[in-house]
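Asker: Take a look at this one; I'll ask things after.
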Amino acid sequence: MNLKTNIAQIKQRIEQAIKASDKGQDSVTLVTVTKSVDADTIKAAIVEGIEIIGENRIQGAKSAKTKYQEIGDSVRWHMIGHLQQNKVRDAVRMFELIHSVDSLYLAEAINEEASRQDKIQDVLIQVNTSGEKTKYGLSLAEAGALFGRVAEFSHLNIKGLMTIGPLSDEPGILPTRTCFQQLFQLYHHLKADGFLLQYLSMGMSNDFEMAISEGSNMVRIGQAMFGDA
């Protein structure tokens, strides 16, 4: 694995995808997914210009908590995986942005913990656009309804929406491009309603160029950068 080359190629592919997109993004934020990557490799990526680390679990082997203790605030930390309620305290303490708010219940729990920590927590609302039963996230309708209750969350700053493309090609599962198109439509519908959204987080290693073509301005890439580390 040549990490320097991989990072340079990914950044180049992102820039090319932006130029090819007709959705008007000025830039795309790269979140480097490091869920199975050790701290030394992350440090090497930081040397090559990586600025945002995305982790999917707080505790356990190669966990965010362990890496955070070693690396600290030399980078920005994002929580991209499913967040259990009993991990909310650490998540609010460690992460600048939580991508995976997938229920009203979790939004309420994060809001309460952020209040205790005297912090305004930035979050994204995770939407299950494909309808896969094995995937976390609100439906499109549920996500739209949640924004009607934003005023209740005095310690949450909802910065945008996130989705994960379909994990399978099973019958009845929407195609990846359709999923991205639907979230793009919801994102701009909410902005037209006056919500100050900044991020549309769509696309991972296998589909980030398609996601950018459909309006994504934040991508989450790990495997294309680190291989199967």
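The values are calculated or read from the model by the stated rules, or taken from the named source; none is laboratory data. Since this is a predicted model, take the numbers as computed values, not measurements. Don't worry about glycine lacking a Cβ; one is built from the backbone with ideal geometry, like all the others, and counts go over all protein chains shown.
Asker: Return the total of residues in the stretch 121-137 being touching a helix residue (DSSP H, G or I) at 6+ places or on another chain (Cβ under 8 Å), modelled with pLDDT of 95 or more and either of a type in the set (Ser, Thr, Tyr) or under 15 Å from Leu190 (Cα atoms) (or both).
Answerer: Going through the stretch 121-137 one residue at a time, the tally reaches 2.
Asker: Separate question: Quick check on Ile110: is it crowded, with 20+ Cβ neighbours inside 10 Å, of a type in the set (A, V, I, L, M), at pLDDT 95 or above and under 15 Å from the mean Cα position of the chain (by Cα)?
Answerer: No.
Asker: Given (1) of a type outside the set (A, V, I, L, M); (2) crowded, with 20+ Cβ neighbours inside 10 Å; (3) modelled with pLDDT under 95, identify the lone condition not met by Gly172.
Answerer: Failed condition: (2).
Asker: Any residue at all in the stretch 1-18 that's in a helix (DSSP H, G or I), surrounded by fewer than 15 Cβ atoms within 10 Å (Cβ to Cβ) and β-branched (Val, Ile, Thr)?
Answerer: yes
Asker: Which residue, of Lys23, Lys67, is among the charged types (D, E, K, R) and surrounded by 18 or more Cβ atoms within 10 Å (Cβ to Cβ)?
Answerer: Going through Lys23, Lys67 in turn, just one is among the charged types (D, E, K, R) and surrounded by 18 or more Cβ atoms within 10 Å (Cβ to Cβ): Lys67.
Asker: Same structure again: Listed residues Gln69, Gln117, Gln85; which is modelled with pLDDT of 95 or more, polar (S, T, N, Q) and over 24 Å from Leu190 (Cβ atoms)?
Answerer: Checking each option against the conditions leaves just Gln117.
Asker: From the list Arg116, Arg93, Arg89, which one is within 18 Å of the chain's Cα centre (by Cα) and surrounded by fewer than 20 Cβ atoms within 10 Å (Cβ to Cβ)?
Answerer: Arg93
Asker: Out of Asp207, Asp228, which single residue is surrounded by 14 or more Cβ atoms within 10 Å (Cβ to Cβ), within 24 Å of Ala45 (Cβ to Cβ) and of a type in the set (D, E, K, R)?
Answerer: Checking each option against the conditions leaves just Asp207.
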